[in-house]
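Written below as C-alpha cells is the structure these notes are about.
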Amino acid sequence: MNENQSWNEESSAIFLAYADLFVPAREEQFASLISLLPARQDESFTVVELAAGAGVLAEAILERFPFCRYLALEPSQAMQGQMRQRLARFADRLEIRPFQMEELAWRATLPTPLRCVVSSLCVHHLTDEEKATLFKDLFSLLSPGGALLLADIVRPLTPLVAQHYAQEYDEIVRQQSLLQYGDESGFQRFCDERWNYFRYEYEDPASTDKPSLLSDQLRWLSEAGFTAVDCFWLRAGHAVFGGYKA
C-alpha cells in the first residue's frame, strides 16, 4: 500500500479491483487450502472465515462442500456488499457478520460445533502476541478433528530473504498482468500502489502490516495444542499453513 496508509475503505476498493492481480497465485493458494479441509463433500459441518473479503474463498468452499454452513466475518462494508452479491445463491447456508480482528468479543459468538476456521491475508495485521492468543482461542473453540488453515504473508528471516521475496512477488505480478491485461499496466499499478510489502514495508517500523516469522507461527500453533502443524504452500512470502485438533 501507499506509504503510511493503514487499511481503510479505499484500500478495500483497490483490493476489490485488483486482488486477482496483486495476490500471487491466488487460485493456487486457495486450491491448496481447500484441499486441506478435514471434511468429506457430503458432510454437514460449519466453517468460519476471518476477514472474508469479497467472498472468493467462501464461494469456492461453498461450491466444493454443498452441505456446509458458512459464517463470514468481515470488517469492511464495501467488502460485505460485494460478498452478498457474489454469494447470493448460497444465502440459505451463509451468514455475514461485521467484526474487528483485534477485538476479543467475536470469538465467544462463534457457532458450535465448529469444524474449520480459515483466513486469507488477515492475521498479519495482528502483533506476535495477538496471533499467539488467537491461535489458542480458536483451538479451544474447534471441535476434535477440526482445523485452522491460514493463507497469509510471512516475515522474511533476513533482508536477503526479503529481497528474494520482493523480486519473486514482482515477477509473479508482472506475469499475472500480462495474462490478465495483455500488457504490464496491471504491474505498473501494483508498483504505483507500493503493494509489495517485502520491497516497501519490510524495514518500515511504521508499517501497519505485522507479519510474523513462519517458524514462530508454526510454534505458536503447536503450543496452542494443534497437531500436524505445517506449511503446505509457499511462494513470494505468501504461505498456506495451519494445524489440526486431534
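The values are calculated or read from the model by the stated rules, or taken from the named source; none is laboratory data. Remember, it's a predicted structure, so these values are computed and weren't measured experimentally. All Cβ positions, glycine included, derive from the backbone under ideal geometry; neighbour counts span all protein chains shown.
State whether one or more residues within the range 57-78 are of a type in the set (Gly, Ala, Ser), farther than 19 Å from Asp209 by Cβ and either buried (at least 22 other Cβ atoms within 10 Å of the Cβ) or not assigned by TED's automatic domain parsing to the domain that holds Val123 (or both). Write out each step before concluding.
Filtering the range 57-78 for residues of a type in the set (Gly, Ala, Ser) gives 58, 60, 72, 76, 78.
Now drop any that are not farther than 19 Å from Asp209 by Cβ, which leaves 58, 60, 72, 78.
Checking the rest, the ones that are also either buried (at least 22 other Cβ atoms within 10 Å of the Cβ) or not assigned by TED's automatic domain parsing to the domain that holds Val123 (or both) come to 58, 72.
The answer is yes, given that some residue of the range 57-78 is of a type in the set (Gly, Ala, Ser), farther than 19 Å from Asp209 by Cβ and either buried (at least 22 other Cβ atoms within 10 Å of the Cβ) or not assigned by TED's automatic domain parsing to the domain that holds Val123 (or both).
When the residues of the range 20-29 are narrowed to those that are in contact with a strand residue (DSSP E or B) (Cβ under 7 Å, 6 or more places away or on another chain) and surrounded by 19 or more Cβ atoms within 10 Å (Cβ to Cβ), which ends up nearest to Trp106 (Cα to Cα)? Let's see the steps before the verdict.
The first filter runs over the range 20-29 and keeps only residues in contact with a strand residue (DSSP E or B) (Cβ under 7 Å, 6 or more places away or on another chain), leaving 24-25, 29.
Keeping just the survivors that are surrounded by 19 or more Cβ atoms within 10 Å (Cβ to Cβ) gives 24, 29.
Details: Pro24: 30, Gln29: 27 Å.
Among those residues, the one meeting the criterion is Gln29.
Among Tyr165, Tyr197, which is the only one that is surrounded by 14 or more Cβ atoms within 10 Å (Cβ to Cβ), at pLDDT 95 or above, of a type outside the set (Gly, Ala, Ser) and within 21 Å of Ala51 (Cα to Cα)?
Tyr197
Does Glu95 count as assigned to a helix (DSSP H, G or I), surrounded by fewer than 16 Cβ atoms within 10 Å (Cβ to Cβ), on the phi < 0 side of the Ramachandran plot and not basic (Lys, Arg)?
On the way: assigned to a helix (DSSP H, G or I): no; surrounded by fewer than 16 Cβ atoms within 10 Å (Cβ to Cβ): yes; on the phi < 0 side of the Ramachandran plot: yes; not basic (Lys, Arg): yes.
Here the answer is no, as Glu95 does not meet what is asked.
Condition check ((1) out of contact with any Cys (no Cβ under 6 Å at 6 or more places or on another chain); (2) under 21 Å from Gln100 (Cβ atoms); (3) assigned to a helix (DSSP H, G or I)) across all residues:
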| position | (1), (2), (3) |
| --- | --- |
| Ile14 | yes, yes, yes |
| Ala17 | yes, no, yes |
| Asp20 | yes, no, yes |
| Ile34 | yes, no, yes |
| Pro38 | yes, no, no |
| Ser44 | yes, no, no |
| Glu49 | yes, yes, no |
| Ala58 | yes, yes, yes |
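Could you tell me how many of the residues in the range 181-194 are assigned to a helix (DSSP H, G or I) and surrounded by 15 or more Cβ atoms within 10 Å (Cβ to Cβ)? It would help to see each step written out before you state the result.
Residues of the range 181-194 assigned to a helix (DSSP H, G or I): 181, 185-192.
Right, trim to surrounded by 15 or more Cβ atoms within 10 Å (Cβ to Cβ) and you get 186-187, 189-191.
So the answer is 5.
Among (1) touching a helix residue (DSSP H, G or I) at 6+ places or on another chain (Cβ under 8 Å); (2) over 19 Å from Arg26 (Cα atoms), which single condition is Val173 missing?
(2)
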